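The values are calculated or read from the model by the stated rules, or taken from the named source; none is laboratory data. As the structure is a computational prediction, the values presented were derived from the model and not from experiment. The protein model used for the area step is the full one, side chains on, heavy atoms only, and it has no ligands, DNA or RNA in it. Shrake-Rupley method; radii C 1.70, N 1.55, O 1.52, S 1.80 Å.
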Amino acid sequence: MLDFVSGLLRTISTRTALALRGPMITQRASVFTRPAKDPLGPSETIIGLGLFALAILGPSGWILTNIEDSKKKD
């Protein structure tokens, strides 16, 4: 009898939760498989990679150069 009641409560709570959430909205990704209309040139590629490397390595380089200043001096 206890198993029946617990199963019934689980079913009611699950269905109530699904009803309260409302209809599910499906999202579709916009994926294009065609090549770009204007391909990137070598200069644009070099500039993009350089800025990306600067964004990644710049902060860590600044921390490493100023680490001695942040240490307490006796």
Can you list the HN-Hα couplings for the range 39-48, worked out from phi with the Karplus curve (6.51, -1.76, 1.60; θ = phi - 60°), rounded to whole Hz and with x for Gly and Pro?
x, 6, x, x, 5, 5, 5, 5, 5, x
Could you sort Leu64, Leu8 by their accessible area in this structure, using a 1.4 Å probe and putting the largest first?
Leu64, Leu8
Rounded to whole Hz, the Karplus (6.51, -1.76, 1.60) HN-Hα couplings of the range 8-14, x for glycine and proline:
5, 5, 5, 5, 5, 5, 5
